[in-house]
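I have placed the structure first, in the form of structure tokens, so that the comments after it can refer back to it.
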Amino acid sequence: MLRVQNLEVVYDDVMLVLRGVSLAVPEGKIVALLGANGAGKTTLLRAVSGLLDVHDGAVTRGSVSLDDRPIHRLRPAAVVRRGISQVMEGRRTFAELTVEENLRLGAHTRRRGAAEAMERMYTLFPVLKQRRGSIAGYLSGGEQQMLAMGRALMSDPRYLLLDEPSLGLAPRMVEQVRDLIAEINRAGTAVLLVEQNATMALSVAEHGYVLENGKVVLDKPSAELLADDDIREFYLGSH
Ligand code: ATP
């Protein structure tokens, strides 16, 4: 179980961005983290993956733990080795490298099995196999999202953190990304899915949290969040 407990995060020593956030991602489940721009979703993912440091952020209270062991003081590579891998917002790939080179970089924390992992990625994302020799910067937005996901999956994570995978994608592509998330999860990987597209996220997640101003304001099964018209209107930006 991945658990965030009473987490407080500041940037630049003073700016309080997370104000006591608690959430849980059980093994093998998909959990959605929703909320408006600036609510603190990306910050929460950074706290889990060890990336706060590089953004001048720090945990000032609370904890992030995996199977009851704290991980919020670990460096990013150590977090990956524990089985948590993140796809950052904006699907950062190495634009000048090929698809295959990008995937290979995703395997840098593992000692063996990189070739098998690559074959699994090509089965999961056939388009990446077709384009294995292409320069990543020339891929479409959807293909780049798949490459970013594939790269994160190269370490065989137990937990995949996704930061707004649907951002900027055409509706058909959003559907495809959603189906891929479901497939990745069926293969056993738990997913913490940060999304502005609440309908998409809740259609695939079992449980949803809504973050507002650095606090969890809703914490409910997806079906309940989707069924409540007031919630949809006020928190999820849809009717
Ligand atoms: P978005 O969808 O825009 O990424 P978010 O919910 O992910 O929104 P965060 O990116 O976590 O929100 O940002 C939360 C707050 O922290 C915002 O007010 C943002 O301006 C601020 N913030 C984010 N990164 C930094 C940083 N490196 N230094 C200072 N403040 C930051």
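The numbers here are math on the coordinates, done by the rules we state, and not lab data. Because the structure is a prediction, the values reported are computed rather than measured. Methodologically, a virtual Cβ is constructed for each residue, glycine included, from the backbone with ideal geometry; neighbour enumeration extends over all protein chains shown.
Before moving on, here are some points about what is shown:
- Cubic angstrom per residue, convex hull over Cα atoms of the range 18-75: 94 Å³
- Spatially proximal aspartates and glutamates relative to residue 215 (Cα-Cα < 12 Å; intrachain offsets below 8 disregarded): 8
- Bridgeable lysines around residue 129 (alpha carbons under 30 Å apart, same-chain partners fewer than 8 residues away excluded): 29.
- Considering helices alone, the calculated mean residue ellipticity of the chain at 222 nm is -10000 deg cm²/dmol, with DSSP H runs of length four and up weighted by -39500 (n - 2.57) and normalised per residue.
- Among 105, 66, 147, sorting on how many other beta-carbon atoms sit within 10 Å of each Cβ, with the fewest leading, yields 105, 66, 147.
- Rounded to 10°, Cα long-axis angle of helix 171-186 versus longest principal axis of the chain: 90 degrees
- Spatial separation of Cα centroids for the range 150-182 and the range 199-239, in angstrom: 19 Å
- Long-range Cα-Cα pairs in the range 68-147 (distance over 20 Å), rounded percent: 38 percent
- Debye intensity ratio I(q)/I(0), log10, the range 107-230, q values 0.11, 0.13, 0.22 Å⁻¹ (C-alpha model): -0.43, -0.58, -1.35
- Taken over the alpha carbons of the range 1-129 as equal point scatterers, the Debye sum produces base-10 log I(q)/I(0) values at 0.10, 0.15, 0.20 Å⁻¹ of -0.38, -0.82, -1.22.
- Fraction of antiparallel bridges per DSSP, the range 159-239 only, in percent to nearest 5: 55 percent
- Over the range 124-197 - Rg/Rh using Cα atoms and the Kirkwood inverse-distance radius: 0.94
- Top positive-direction residue, dipole computed over the range 14-78 with Cβ charges, set 60, 30, 72: 60
- For residue 230 and residue 16, a Förster radius of 41 Å and the Cβ-Cβ distance give a FRET efficiency of 0.90, rounded to the nearest 0.05.
- In plain terms, the chain from residue 115 to residue 60 could stretch by 15.7 nm, reckoned as 0.36 nm per residue minus the Cα-Cα distance.
- Order of 68, 53 - criterion: other Cβ atoms within 10 Å of each residue's Cβ, fewest first: 68, 53
- P(r) tail, the chain: Cα-Cα pairs separated by more than 30 Å, 22% of all pairs.
- All alpha carbon pair distances within the range 193-239 were sorted into 5 Å bins beginning at 0; the resulting P(r) in whole percents reads 5, 24, 38, 26, 7.
- For the listed peptides 191-200, 20-29, 209-218, a ranking on the average number of other beta carbons within 10 Å per residue, highest first, reads 191-200, 209-218, 20-29.
- Peptides ranked, highest mean first, by Cβ atoms within 10 Å: ranges 78-84, 155-161, 108-114: 155-161, 78-84, 108-114
- On Cα atoms only, tilt of 141-153 relative to the major axis of the chain in degrees: 90 degrees
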